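Here the structure comes first, spelled out in structure tokens, and everything after it is commentary.
The values are calculated or read from the model by the stated rules, or taken from the named source; none is laboratory data. This one's a predicted model, so the numbers in the text were calculated from it and none came from an experiment. Don't worry about glycine lacking a Cβ; one is built from the backbone with ideal geometry, like all the others, and counts go over all protein chains shown. Only protein heavy atoms, including side chains, enter the accessible area calculation; ligands, DNA and RNA are left aside. Shrake-Rupley method; radii C 1.70, N 1.55, O 1.52, S 1.80 Å.
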Amino acid sequence: MTADHSRAPVLEALEEYHRRGRLGFTPPGHKQARGADPAAREVLGDAVYLGDVLASGGLDDRLTRGRVLQRAQELMADAVHAEHTFFSTCGSSLSVKAAMLSVAGPHEKLLIGRDAHKSVVAGLILSGIEPVWVEPRWDAERHIAHPPSAAEFDRAFDAHPDARGALVTSPTPYGACADLRSVAEVCHRRSRPLIVDEAWGAHLPFHPDLPSWAMDAGADICVTSIHKMGSGLEQGSVFHLRGDLVPPALLGMRADLLGTTSPSVLIFAGLDAWRRQMALHGKELLGSTLELAAEVRAAIEEIDGMHVHDRGDFCGPSLADDFDPLPGVIDVSGLGITGYQAADWLREQRAIDAHLVDHRRIGAQITHGDDRETTGELLSALRDLGRAARELPAAPRVEVPPPDELRMEQALLPRDAFFGPAEDVPVGEAAGRVAAEMITPYPPGIPAVLPGERLTEPVLRYLRTGMDAGMHLPDPTDPELNTVRVVVPE
């Protein structure tokens, strides 16, 4: 039977809820905005509260006989060529953990690209899975990591034939993509599943000029953040399943272990509406977005001192296999400033928020929610930044290690180091000690230090000079990084 993508089961059920005038003596306690703080109602609007109903025993009956969520998930699966789809209101940070737990368990090995997000590391800490790190392809000139190659995964499987599967991040927050078909072939030759953290790829299935989508490339599980490049609400995530290497009941059980028993119907509605929008109009919307992004990229190239990374920068031998142009990653090092300075100036002086920020780049993400008015504001602000840059203080130097000094030995499992006896030592005395915490420049959220890694002076120097330059480190116990939490030696 052909799926009817004009339907939106969650939105329709919410509309019916209000049409029937249901009166709930259940959570949420604001009771359709009536009990909400008046100031909050004024700022948020009552629509937020009116959409915030109990999922079971509210939107659907207590036995979920209306199959509201199930029907919405089935439509999402059809839209992206998956066999099963699961909605999550806890973001892809939860979804990727559920995917990992469905493939490997405590003390079992999982091949993981070392450019993984911190949520993957959190999954390792919680699960006790043993990571086998697969090295990204490192561009030493541009100081940027691209997804590992299929050949690297092949070599890792040869060295660790007992690994239960593999996890790769594609696209990266910078828009660099792996050759997923080849990585999937490496896994399937050994009857092992491939998990793709495609948090930044919600839009990929809906236009042929975008990089290949994980489900079409042969991945077994794919995790996608609808709020990043899609038009869902924050925390809206889905994970998809194909093939017979991971039983759907098992994946559902692992997700249930981690997920909330009080999911947000607002977030469900955002996921459902985005699927309908893309299924009916995605090609048209994304086609216009790609044209707009091309215009913006060309205009930024005209600004002295700025360069927008393109396919020629990211793709080629020993680099990425494909490229998504929509993240709009701008190198501002030609202005003599850091990405941190650029992002702070844009926010403070022009009320423009950049997303991805590192020691030499900012990200100006373009989605189908943009138009020539919003991008015109962006370009005007960037031109002003180009003129103002010469008046900004000299950029502090961030000492980025070369590739051979960037990676550290995994001396203990992340779980053992994180939960074991630990102490705080001055950062100047931490080299040679085993980290008991994660240290992650954010965004994009790829840890520089993992629990269980043996700290080295080059990496510590990178983090200290990065902080001096404006790097944000949200996770160490000492937010100033004067001390580092390390394992107490036996």
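When the Cα convex hull of the chain is projected onto planes of every orientation, the mean area is 24.5 nm². For region 324-336, the Karplus equation 6.51 cos²θ - 1.76 cosθ + 1.60, evaluated at θ = phi - 60°, returns couplings of 9, x, 6, x, x, 8, 10, 8, 10, 5, x, 8, x Hz by residue, with Gly and Pro reported as x.
Gyration tensor over the Cα atoms of region 339-490: the corresponding equivalent ellipsoid has semi-axes (square roots of 5 times the eigenvalues, largest first) of 36, 16, 12 Å. Accessible surface area normalised per residue over the chain is 43 Å², counting heavy atoms of protein chains with a 1.4 Å rolling probe.
Do the alpha carbons of any pairs in Lys118/Lys228; Lys97/Lys228; Lys31/Lys228; Lys97/Lys118 sit beyond 22 Å of each other, and which pairs? Write down the numbers at each step before the final one.
Details: Lys118/Lys228 16 Å; Lys97/Lys228 18 Å; Lys31/Lys228 30 Å; Lys97/Lys118 11 Å.
Beyond 22 Å: Lys31/Lys228.
Calculated mean residue ellipticity at 222 nm for the chain: -11500 deg cm²/dmol, from DSSP H runs with n ≥ 4 weighted as -39500 (n - 2.57), summed, divided by the residue count and rounded to 500. In whole percent, and with a 1.4 Å probe on the protein chains, what portion of the accessible area of region 350-433 is carbon and sulfur? That fraction is 48 percent.
Rounded to the nearest 0.05, what FRET efficiency do His81 and Ala351 have when you use their Cβ-Cβ distance and R0 = 30 Å? So the FRET efficiency works out to roughly 0.15.
Short-range pairs are left out: with C-alpha atoms under 8 Å and at least six residues apart, the relative contact order of the chain is 14 percent. Taken over the alpha carbons of region 1-134 as equal point scatterers, the Debye sum produces base-10 log I(q)/I(0) values at 0.10, 0.11, 0.14, 0.23 Å⁻¹ of -0.54, -0.63, -0.87, -1.25.
Amide hydrogen proximity for Leu167: with H placed 1.01 Å from N in the peptide plane, the residues at 5 or more positions away or on another chain lying under 5 Å are Leu111, Ile112, Gly113, Ile195. Does anything in region 209-224 have its amide N under 20 Å from the 7 Å Cα→Cβ label point of Ala298, and if so which residues? Only 209-210 pass the distance filter. Between Asp404 and Asp478, the distance separating the two model label sites (each 7 Å from Cα on the Cα→Cβ line) works out to 3.1 nm. For region 5-69, the spherically averaged projection of the C-alpha convex hull amounts to 5.0 nm².
Across region 174-300, the convex hull enclosing all Cα atoms gives 125 Å³ per residue.
Distance between the pseudo-spin-label points of Asp162 and Glu377 (7 Å out from Cα toward the beta carbon): 5.6 nm.
Could you check how much of the accessible area of region 1-154 is carbon and sulfur, as a whole percent, using a 1.4 Å probe? The nonpolar share, carbon plus sulfur, comes to 54 percent. Here the Karplus curve 6.51 cos²θ - 1.76 cosθ + 1.60, taken at θ = phi - 60°, turns the phi angles of region 345-354 into couplings of 5, 4, 5, 6, 9, 10, 6, 10, 9, 8 Hz, with x standing for Gly and Pro. Based on the Kirkwood approach, the hydrodynamic radius assigned to region 45-203 is 17.5 Å, with every pair of different Cα atoms included.
Per-residue 3J(HN,Hα) values for region 456-470, derived from phi via the Karplus relation 6.51 cos²θ - 1.76 cosθ + 1.60 with θ = phi - 60°, read 10, 4, x, 6, 5, 5, 4, 5, 5, 5, x, 4, 4, 8, x Hz in sequence order (x marks Gly and Pro). Between His18 and Thr465, full extension at 0.36 nm per residue minus the direct alpha carbon distance yields a gain of 155.4 nm. What number does region 344-386 give for Rg over Rh if you use C-alpha atoms and the Kirkwood radius? Rg divided by Rh gives 0.95.
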